[in-house]
Amino acid sequence: MLASPGDVPLRDLERDRRTVYGYLCAEAPDELELAVWRKEIAQFCRGRGLHLVTVFIDRREPPDRVKRPGLAGLLDALSLPDSYAVVTPTVAHLSTDHAALDVLHRSISHTGSRLFVIHDTSRDPKGGRS
């Protein structure tokens, strides 16, 4: 017999949801643009049944800097046992500097979390990596 949602304790439903965090970084922050990106992250999560807890944001950080306040908070959150992933609109929000991006990818991987990039421009039209 299948249980209806009303038969399952709320804490069990919450535990089964995949907990994710958003991340944005803007060198020249435009608050309207940040709001649009936050909404895009929320819609992405909603459409995939992911539980978005919060969106960490860094402002005016150079792309080669790997120690940032928002990123530090994100990595702390990703180290929590129920964390599943980080969601970002493009990989450029992590960094446009290749060396820094490698460090940040390793830092996220080290937490055991996944990285979801909404607009993954690293794929070519045939579906392979470029």
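The values are calculated or read from the model by the stated rules, or taken from the named source; none is laboratory data. As the structure is a prediction and not an experimental result, all values here were calculated from the model. Cβ coordinates were reconstructed from backbone atoms using ideal geometry, including for glycine residues, and neighbour counts include every protein chain displayed.
Give me the residue from the range 21-70 that is of a type in the set (Asp, Glu) and not in a helix (DSSP H, G or I) and, out of that set, modelled with the lowest pLDDT.
GLU27
Can you say whether LEU115 is surrounded by 15 or more Cβ atoms within 10 Å (Cβ to Cβ) and in a helix (DSSP H, G or I), as far as the supplied structure shows? Step through it out loud before you land on a result.
Numbers: surrounded by 15 or more Cβ atoms within 10 Å (Cβ to Cβ): yes; in a helix (DSSP H, G or I): no.
Here the answer is no, as LEU115 does not meet what is asked.
Please give the number of the condition LEU75 fails out of (1) outside any helix (DSSP H, G or I); (2) free of Cβ contacts under 8 Å to residues at least 40 places away in the same chain.
If we test LEU75 against (1) outside any helix (DSSP H, G or I); (2) free of Cβ contacts under 8 Å to residues at least 40 places away in the same chain, just (1) comes out false.
I'd like to check something: does the range 67-85 contain any residue that is buried (at least 20 other Cβ atoms within 10 Å of the Cβ) and of a type in the set (Ser, Thr, Tyr)?
Yes, there is a match, as at least one residue in the range 67-85 is buried (at least 20 other Cβ atoms within 10 Å of the Cβ) and of a type in the set (Ser, Thr, Tyr).
If you go through the range 23-59, how many residues are more than 15 Å from the chain's Cα centre (by Cα) and of a type in the set (Asp, Glu)?
4
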